[in-house]
Each structure stands twice: as structure tokens, then as C-alpha cells.
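Peer 1: Here it is, the structure in full.
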Amino acid sequence: MQLLKDKILSEGTAVNEDILKVDSFLNHQVDPKFMEVLGDEIARHFEGSGITRVVTVESSGISPAIFTAKALGVPMVIMKKQPSKVLNDHLYQTMVTSFTKGTNYELTMSQKYVGESDHVLVVDDFLANGETAAGVIRLIRMAHATVAGVAVLIEKAFRPGREKIERAGIEVFSLVKISSMSKDRILFADEEDPE
Ligand code: G4P
């Protein structure tokens, strides 16, 4: 999606070969009008596939997920990474490891909001190693719901996330794919290296 590529090139920074800083419109400050355009694009791709819920993981997945859910006219469910004093029974839980952040956390979803009649679209900001998405899929399957696909804004194509999800028979849809990064240089998968 050209619009997102342009935004990444104008406002994003490749901190190193692995981390893209997009704090100005996604991870810290959110540009709601821009985010709505991205959510609409994801919704358009999955239109007509019978989605009943959009699921995301706190926190940066929430903004693209809310606009996708709005466009599809379905509720959005936020999976939790932090233990909660109020969300404490009838839960599905699974352990997730983040390679990027070097942390483990228990991903939690209430049994109330996703059930066996649901067809669920997973929406997140980044796809890197696919561990978060794999954890979300485990929880959706614990609820005996079906997975419509995994949609992300930014796919790091040099990480194994897509392969892992597709191997599980699930479609991956990304708005942009980054094939490589180095300090201050970002290359997209569908563009030739100018050098
Ligand atoms: P995976 O989800 O694909 O397995 O990847 P990994 O565990 O390695 O990374 C998960 C966390 O790291 C996610 O944030 C994800 O958004 C973030 N992340 C991965 N690559 C990048 C990157 O290049 N730039 C930025 N800014 N973030 C990246 P999270 O733990 O869910 O935190 P939150 O920001 O959503 O609260």
C-alpha cells in the first residue's frame, strides 16, 4: 500500500537492521484519520468472508483493529498481556515469547467474547516472528472459533512470521512488506534495491 510506504519513509526510522521506529503515527502517537484508511483497506480485503469478530493484542494493535472492526461492522476484542484483577475467571490463556522484546507473557482472552460460532480476523501492527499471532490463534482455537486470517500493517519479510502462520493453513495479509533495513534505510519487498 503506497500510502503506508510513503508514511514509513517520511516519518519512520530504521533504528538498526531489525527495528523500525514508527512512534509518530502507530506506536506512541496515533494519526486516527490515517489509521482509518488502513483499517478500511484491511476490511476491504476480507469483505464477504463472514467475519464476526476482529481480535487484536494490546496495545499498538488496537488502533488498526478498531478501524477494521468499524468498517466490517463487528466487535473488536483485545487480548491482554498484563494480568488483570477484574478479568480473572472463565479465561483462555497461553504463554507467548517475544523475540524482539526478549520477554514472555501470558496472553489472556475472556471466554465470553469469542465462541464456537465466531469467524475471527486477527489484526496487529507488526508481524515479525509470528509468536504473537500464533498465540492469538491458539486462543481462538481453544474457543472453537475459526480464523479468517491474520492482517498486519507492517510485515518484516526477513523474519519467519508469515511462514509460520501460513504453515498452519492461515492467510496472512500485510499492507506493506519490508525486505531489509539498515540504519536510516528501509527497503520494501516489491521494490528493487536502487544500489
Ligand atoms: P512477533 O509478535 O511477530 O512474534 O514478533 P515479536 O514477538 O518479535 O515482537 C512483538 C512485539 O514487538 C510487538 O509489540 C510488536 O509490535 C513489536 N515489534 C516487532 N518488530 C517491531 C519493529 O520493528 N518496530 C516496532 N516499533 N515494534 C516492533 P508488543 O509487545 O505487542 O507491544 P505493543 O507496542 O503492542 O504494546
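The values are calculated or read from the model by the stated rules, or taken from the named source; none is laboratory data. Predicted model only: the values in this text are computed from it and were never measured. Every residue, glycine as well, gets a Cβ built from its backbone with ideal geometry; the counts of neighbours run over all protein chains shown. Heads up: the accessible areas ignore ligands, DNA and RNA and are worked out on the full protein's heavy atoms, side chains in. Shrake-Rupley method; radii C 1.70, N 1.55, O 1.52, S 1.80 Å.
Peer 1: Taking the residues in the stretch 82-107 that are open to solvent by 70 Å² or more (accessible area, probe 1.4 Å) and in contact with a Ser or Thr (Cβ under 6 Å, 6 or more places away or on another chain) as candidates, determine which candidate is nearest to the ligand (Cβ to nearest atom).
Peer 2: Looking at residues that are open to solvent by 70 Å² or more (accessible area, probe 1.4 Å) and in contact with a Ser or Thr (Cβ under 6 Å, 6 or more places away or on another chain), I get ASN104.
Peer 1: Which residues, taken from the stretch 21-64, are within 23 Å of VAL120 (Cβ to Cβ), assigned to a helix (DSSP H, G or I) and charged (D, E, K, R)?
Peer 2: Selection gives GLU36, ASP40, GLU41, ARG44.
Peer 1: Now for a different question. So for the stretch 108-121 (the condition being more than 17 Å from the chain's Cα centre (by Cα), within 16 Å of the ligand (Cβ to nearest atom) and not in a loop (DSSP other than H, G, I, E, B)), does at least one residue qualify?
Peer 2: No, because not a single residue in the stretch 108-121 is more than 17 Å from the chain's Cα centre (by Cα), within 16 Å of the ligand (Cβ to nearest atom) and not in a loop (DSSP other than H, G, I, E, B).
Peer 1: State yes or no: is ILE42 under 15 Å from the mean Cα position of the chain (by Cα) and closer than 17 Å to ILE154 by Cα?
Peer 2: Judged against the criteria, ILE42 is a match.
Peer 1: Do we have MET79 as within 12 Å of the ligand (Cβ to nearest atom), among the aliphatic types (A, V, I, L, M) and either open to solvent by less than 40 Å² (accessible area, probe 1.4 Å) or assigned to a helix (DSSP H, G or I) (or both) here?
Peer 2: The answer is yes for MET79.
Peer 1: Identify, by number, the condition in (1) under 26 Å from ARG53 (Cβ atoms); (2) within 14 Å of the ligand (Cβ to nearest atom); (3) open to solvent by 60 Å² or more (accessible area, probe 1.4 Å); (4) of a type outside the set (Gly, Ala, Ser) that PHE158 doesn't meet.
Peer 2: (1)
Peer 1: Take the residues in the stretch 122-148 that are more than 16 Å from the chain's Cα centre (by Cα) and in contact (Cβ under 8 Å) with a residue 24 or more places away in the chain, then tell me which one is farthest from the ligand (Cβ to nearest atom).
Peer 2: If we filter the stretch 122-148 for residues that are more than 16 Å from the chain's Cα centre (by Cα), which is where we start, we get 141-146.
So of that shortlist, the ones also in contact (Cβ under 8 Å) with a residue 24 or more places away in the chain come out as 142-146.
Values: MET142: 19, ALA143: 20, HIS144: 24, ALA145: 20, THR146: 21 Å.
That would be HIS144.
Peer 1: Could you tell me whether the stretch 52-67 includes any residue that is surrounded by fewer than 18 Cβ atoms within 10 Å (Cβ to Cβ), over 14 Å from the mean Cα position of the chain (by Cα) and among the acidic types (Asp, Glu)?
Peer 2: Within the stretch 52-67, not a single residue is surrounded by fewer than 18 Cβ atoms within 10 Å (Cβ to Cβ), over 14 Å from the mean Cα position of the chain (by Cα) and among the acidic types (Asp, Glu).
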